[in-house]
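Notes for the one structure printed next.
The values are calculated or read from the model by the stated rules, or taken from the named source; none is laboratory data. This structure is a prediction, so every number in the text was calculated from the model and none was measured. Please note: Cβ atoms are built from the backbone with ideal geometry, for glycine as well, and neighbour counts cover all protein chains shown. In case anyone asks, the SASA skips ligands and DNA or RNA and just uses the protein heavy atoms, side chains included. Shrake-Rupley method; radii C 1.70, N 1.55, O 1.52, S 1.80 Å.
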Amino acid sequence: KAGVTQTPRYLIKTRGQQVTLSCSPISGHRSVSWYQQTPGQGLQFLFEYFSETQRNKGNFPGRFSGRQFSNSRSEMNVSTLELGDSALYLCASRTAGTGYTGELFFGEGSRLTVL
Amino acid sequence: GQQVMQIPQYQHVQEGEDFTTYCNSSTTLSNIQWYKQRPGGHPVFLIQLVKSGEVKKQKRLTFQFGEAKKNSSLHITATQTTDVGTYFCAVYNNNDMRFGAGTRLTVKP
């Protein structure tokens, strides 16, 4: 069974640009969550999607957005990039929906550098 | 929402020494999970604790869930260099998972 796949793995952008990251969850997993990981802030929750609906959103500005497609693949977008957006962006999937508290399966991450 | 405080932030041990990381919450938790992230890697699920006072073991790793379900610990006996990485506790907040700050473990051979 293939794991969670994130693309691209590495990317470099300049301030003011925008970026789109992609995540393909494990087959059958309908919930996809996104996290930002930086050395100083740890793993910060961005948002969670289930069946194409955003169910929860973390404390991030509106420049951070996401969506989920009918095949459960998800994308996140960051517009007007700032230096502080440099981070590892991790996607995680899990099987079921409301009330399910099973484990998260993480992808390898997309490492974004903003210059 | 539910938040967890994790300590210590860093721990450096000599190979063969023991290691413990703690997570504490001000509210009662329904369950708690533990993850390990190797340097350069991604978090990998270790275990989930659900019951009050629960103790689970995985080889040299011992996980505990407090009686009041407000704290948890991960203890590694006789650390090895393969144990290096960051250990996170995590709890569900509605439908999403919130992580502790993590404890970074380094092991000197």
Q: Would you mind estimating how fast the range B:30-109 diffuses translationally, via Stokes-Einstein at 37 °C and 0.692 mPa s with the Kirkwood radius over Cα pairs, in µm²/s?
A: 249
(Q) To the nearest 20 Debye, how big is the dipole of the protein assembly as shown about its Cα centre, given +1 on the beta carbon of each Lys and Arg and -1 on that of each Asp and Glu? (A) 260
Q: At 1.4 Å probe size, with every protein chain present, just tell me what the per residue accessible area of the range A:21-98 comes to in Å².
A: 40
Q | Choice from B:14, B:64, B:33 showing the highest fluctuation, given a GNM over chain B with Cα pairs closer than 10 Å | A | B:14
Q: Under 19 Å from a label point 7 Å along Cα→Cβ of residue A:2: give me every residue in the range A:14-37 with its amide N that close.
A: A:21-33
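Calculate the dipole size of chain A relative to its Cα centre from +1 charges on Lys and Arg beta carbons and -1 charges on Asp and Glu beta carbons; express the result in debye to the nearest 20.
Here chain A has a charge dipole of around 120 debye.
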Q) Taking a quarter of the surface of the Cα convex hull of the protein assembly as shown, what do you get in nm²? A) 12.2
(Q) Could you check the spin-label model distance between residue B:52 and residue A:41? Points 7 Å from the Cα along Cα→Cβ, value in nm. (A) 3.8
Q. Cα-Cα over 20 Å: which of B:36/B:108; A:13/B:36; A:57/B:51; B:57/B:108?
A. A:13/B:36; A:57/B:51; B:57/B:108
Q: For chain B, give the magnitude of the charge dipole about the Cα centre (Cβ charges: +1 Lys/Arg, -1 Asp/Glu; no others), in debye to the nearest 20.
A: 160
Q. Given a 1.4 Å probe and every protein chain left where it sits, what share in percent of the accessible area of the range A:30-105 is carbon and sulfur?
A. 47
Q. On the first, second and third principal axes, largest extent first, how far apart are the outermost C-alpha atoms of the range B:1-59 in Å?
A. 34, 25, 21
Q. Among A:81, A:70, A:110, which residue has its Cα positioned farthest towards the positive end of the charge dipole of chain A, with +1 placed on the Cβ of Lys and Arg, -1 on the Cβ of Asp and Glu, and the dipole taken about the Cα centre?
A. A:70
Q: Would you be so kind as to identify which of A:37, A:60, A:24 lies farthest towards the positive end of the dipole of chain A, taking Lys and Arg as +1 and Asp and Glu as -1 on Cβ and the Cα centre as origin?
A: A:24
Q. Measuring from centroid to centroid over Cα atoms, what is the spacing of the range B:70-107 and the range A:64-115 in Å?
A. 21
Q: Can you pull the one-decimal nm distance between simple spin-label points at residue B:108 and residue A:22, each 7 Å off the Cα toward Cβ?
A: 4.7
Q: For an R0 of 25 angstrom, estimate the FRET efficiency from the Cβ-Cβ distance between residue B:5 and residue A:83 and round to the nearest 0.05.
A: 0.30
(Q) For chain A, what are Rg and Dmax over the alpha carbons, in angstrom? (A) 13.4, 41
(Q) Using a 1.4 Å probe and counting only protein heavy atoms, how much accessible surface gets buried when A and B come together, both sides summed, in Å² to the nearest 100? (A) 1600
